[in-house]
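Note sheet for the following structure.
The values are calculated or read from the model by the stated rules, or taken from the named source; none is laboratory data. The model shown is predicted, which means the values in this text are computed figures rather than measured ones. We place every Cβ from the backbone using ideal geometry, glycine too, and count neighbours over all the protein chains shown. Accessible surface is based on the protein model in full, side chains and every heavy atom, while ligands, DNA and RNA are left aside. Shrake-Rupley method; radii C 1.70, N 1.55, O 1.52, S 1.80 Å.
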Amino acid sequence: MNLRLLALAGVAVCAVALPLAVASAGQVGEGNSALRPSASPDAKAPSPSPPGLGLGLATAARCGPELTSPEGIEAQTCVLTQGERTWARTYYRNTTGTPLDAVLSVMGPGGRSVQMRCAVGAEDEPGSCETPREDTWGEPADYTAVAEFAAAAGEGPLLLRSGSNSAPPTGS
């Protein structure tokens, strides 16, 4: 029982420390333009992100609650915004002992979305998956993210769905 409590405390620490470490690391790469609307003659293009002042741009995170499934998947999903770029990230831990598949989606205004498939290893270590960073259209609050975890190769039921705007569970 104490081992499970220590493991859960470790995941909570990682859920706090990992976003800070990744956010301070800067951009990993440029994504495709799936969230960008098609260009029209009267569309205003977004201006480039302001240059950093040696410290990097602040990253805003809007995360749903940390969830745990009875099968042993723990996850938290966030929408992240840095400057004029928005993306989704899910933090997870797989204690099932079997590999899983995860699909992470970020949905923006006007029906725009990006979906990323992630292989979740069988090891009992915290991990993360994120979508490419895209230009922000509309307000950051207009974006939501959802991560779904299921058995590898779709050979089983959905084990956990975690969202950036999920309401925390309420006790009765």
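The figures follow:
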read-out: Selected residue (criterion: farthest from Thr95 (Cα to Cα)) from residues of segment 133-143 that are open to solvent by less than 40 Å² (accessible area, probe 1.4 Å) and either in contact with a helix residue (DSSP H, G or I) (Cβ under 9 Å, 6 or more places away or on another chain) or of a type outside the set (Asp, Glu) (or both); value: Thr136
read-out: Residue count, segment 96-133 (criterion: at pLDDT 95 or above and of a type in the set (Ser, Thr, Tyr)); value: 3
read-out: Filter result (assigned to a strand (DSSP E or B), open to solvent by less than 30 Å² (accessible area, probe 1.4 Å) and in contact (Cβ under 8 Å) with a residue 40 or more places away in the chain) within segment 121-132; value: Cys129
read-out: Counted residues, segment 66-118 - those being under 14 Å from the mean Cα position of the chain (by Cα) and either closer than 20 Å to Ala150 by Cβ or free of Cβ contacts under 8 Å to residues at least 40 places away in the same chain (or both); value: 24
read-out: Test for Ser162: is it within 15 Å of Cys63 (Cβ to Cβ) and either buried (at least 20 other Cβ atoms within 10 Å of the Cβ) or touching a strand residue (DSSP E or B) at 6+ places or on another chain (Cβ under 9 Å) (or both); value: yes
read-out: Residue match in segment 125-139 (condition: more than 20 Å from Val79 (Cα to Cα) and not aliphatic (A, V, I, L, M)); value: yes
read-out: Subset of segment 134-152 [modelled with pLDDT of 95 or more, within 18 Å of Thr59 (Cβ to Cβ) and in a strand (DSSP E or B)]; value: Thr144, Ala145
read-out: Some residue of segment 103-115 being open to solvent by 40 Å² or more (accessible area, probe 1.4 Å), among the hydroxyl-bearing types (Ser, Thr, Tyr) and either in contact with a His (Cβ under 7 Å, 6 or more places away or on another chain) or over 20 Å from Ser69 (Cα atoms) (or both); value: yes
read-out: Output for segment 64-88, where each listed residue is part of a loop (DSSP other than H, G, I, E, B) and closer than 14 Å to Pro126 by Cβ; value: Glu66, Gly72
